[in-house]
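Trainee: Got a structure for you, questions after.
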Amino acid sequence: SIAATIIFYLMTFDNIFTIPMRWISLMFLIFTEGIGTIKALNIKKSIFGVSNIITSLFHLGIVLVMSIIFVNIFPLFIKTYILLNVLALCILLVVDVVIIYFDDYVASKNKVLSENQSVIESLYTKAKELSIEYKETVYKKDLDEISEMLQYSDNSTLSDDEIAILNKLEELQEMLSNDDENIQQKITNVKNAVKLRAIKVKNSKRGSY
């Protein structure tokens with residue numbers, strides 16, 4: 001794009017340096033295309049990644065239109081042309097800063113969400129292992145209920161109960177392997193812990209957006 005712009009100017013004007021507006025407009029076009037190239041080389045794979053390229057394309061279109069108008073119609077209004085280009089650059093900078101801010105914000109939220117989902121997934125996996133391992137026992141229904149509760153629990157936010165639930169599941173596994181007489185009581189404790197977590201998560205989201 002930069003090479004094509006330079007060749008176009010050289011072919012269109014016999015001497016682009018005879019009129020200041022010509023080489024000034026060429027410099028702004030090259031500068032604008034350079035900004036777009038840098039942004040394209042550093043594009044991020046995110047929801048707002050392409051937005052920075054789109055803003056540069058709009059900026060390039062505006063600079064191109066101004067160049068055509070001022071070079072052909074107002075070649076003496078150099079100061080006005082420069083000020084308009086500086087204004088366009090400032091607007092581009094503000095828009096890009098806003099895009100980068102929201103891009104980082106969304107990325108951080110997605111990272112936290114992914115980590116939270118991994119924690120709940122580990123709890124569900126542990127519970128599912130128990131329900132499969134002891135499916136032939138009288139505790140199958142209770143174990144299936146625990147795994148189902150964890151499977152459909154809110155995984156977007158964590159409370160302070162996830163580690164406690166994991167510990168209780170490990171204790172339950174040990175009790176099941178030893179055929180402990182307090183298994184049913186431990187199952188009840190696990191269910192209550194999962195229910196308590198659900199209440200805490202729900203309350204933490206009340207009034208939030």
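Trainee: Using a 1.4 Å probe over the heavy atoms of the protein chains, calculate the carbon and sulfur portion of the accessible area of the chain as a whole percent.
Mentor: Numbers: 8740 of 13550 Å².
Percent of accessible area from carbon and sulfur atoms in the chain: 65.
Trainee: What net charge is computed for the residues neighbouring Phe70, neighbours being all others with C-beta under 12 Å from the C-beta of Phe70, Lys and Arg scored +1, Asp and Glu -1?
Mentor: Numbers: positive: Arg22, Lys79; negative: none.
Residues close to Phe70 contribute a combined charge of +2.
Trainee: Nearest 20 debye, what's the magnitude of the dipole of the chain about its Cα centre given +1 on Lys and Arg Cβ and -1 on Asp and Glu Cβ?
Mentor: The dipole of the chain has a size of about 1140 debye.
Trainee: What is the chain's relative contact order, in percent, from Cα pairs under 8 angstrom and six or more apart in sequence? Show your work: numbers first, answer last.
Mentor: On the way: 144 pairs, mean separation 31.1, N = 209.
Once normalised by length, the contact order is 15 percent.
Trainee: Would you please name the chymotrypsin sites (Phe, Trp or Tyr not before Pro) within region 56-115 that are DSSP coil residues with at most 16 other C-beta atoms within 10 Å of their C-beta? All intermediate terms of the calculation are to be shown ahead of the outcome.
Mentor: Numbers: sites: Phe58, Phe70, Phe77, Tyr81, Tyr101, Phe102, Tyr105; in loops: Phe77.
Passing both the DSSP loop test and the Cβ count: Phe77.
Trainee: With axes computed from alpha carbons, what is the tilt in degrees of helix 78-133 against the longest principal axis of the chain, rounded to the nearest 10 within 0 to 90?
Mentor: Helix 78-133 and the main axis of the chain meet at about 20 degrees.
Trainee: Another one. What order do you get for 7-15, 157-165 when each peptide is scored by the mean count of other beta carbon atoms within 10 Å, highest first?
Mentor: Numbers: 7-15: 11.2, 157-165: 16.2.
The densest-packed peptide leads the list: 157-165, 7-15.
Trainee: Further question on the same structure: If you average the C-alpha positions of region 17-39 and of region 118-159 separately, how far apart do those two centres end up, in angstrom?
Mentor: First find each Cα centre; the distance between them is then 63 Å.
Trainee: Below 8 Å, C-alpha to C-alpha, sequence gap of six or more: please give me the relative contact order for region 1-111 in percent. Write down the numbers at each step before the final one.
Mentor: On the way: 69 pairs, mean separation 31.8, N = 111.
With pairs under 8 Å counted, the relative contact order is 29 percent.
Trainee: Going Cα to Cα from Lys141, which lysines come in below 29 Å? Please leave out same-chain ones fewer than 8 positions away.
Mentor: List returned: Lys126, Lys128, Lys168, Lys186, Lys191, Lys195, Lys200, Lys202.
Trainee: Mind putting a number on the dipole of region 121-209 about its Cα centre? Charges go on the C-beta only, +1 for Lys and Arg and -1 for Asp and Glu, and I need it in Debye to the nearest 20. Before the final figure, lay out each step's value.
Mentor: On the way: 14 positive and 18 negative charges, 133 e Å.
I would put it at about 640 debye.
Trainee: Something else now. Roughly how tilted is helix 2-12, in degrees to the nearest 10 and between 0 and 90, from the longest Cα axis of the chain?
Mentor: 20 degrees
Trainee: What accessible area per residue, rounded to a whole number of Å², is obtained for the chain using a probe radius of 1.4 Å? Could the numbers behind the result be given before it?
Mentor: Values: 13550 Å² over 209 residues.
That works out to 65 Å² per residue.
Trainee: Of Ile54, Tyr9, Asn189, which is farthest along the charge dipole of the chain in the positive direction, counting Lys and Arg as +1 and Asp and Glu as -1 at C-beta?
Mentor: Towards the positive end, the residue furthest out is Tyr9.
Trainee: Treating the angle as unsigned and between 0 and 90°, give the value, to the nearest 10°, between the Cα long axis of helix 20-41 and the longest Cα principal axis of the chain.
Mentor: The answer is roughly 20 degrees.
Trainee: Of the options Asn110, Leu143, Asn178, report the single residue whose Cα projects farthest towards the positive end of the charge dipole of region 108-209 (beta-carbon charges: Lys, Arg +1; Asp, Glu -1).
Mentor: Asn110
The values are calculated or read from the model by the stated rules, or taken from the named source; none is laboratory data. Model, not experiment: these values are computed from the prediction. Heads up, the Cβs are rebuilt from the backbone with ideal geometry, glycines too, and the neighbour counts pull from every protein chain shown. We work out accessible area using only protein heavy atoms, side chains counted, and drop any ligands, DNA or RNA first. Shrake-Rupley method; radii C 1.70, N 1.55, O 1.52, S 1.80 Å.
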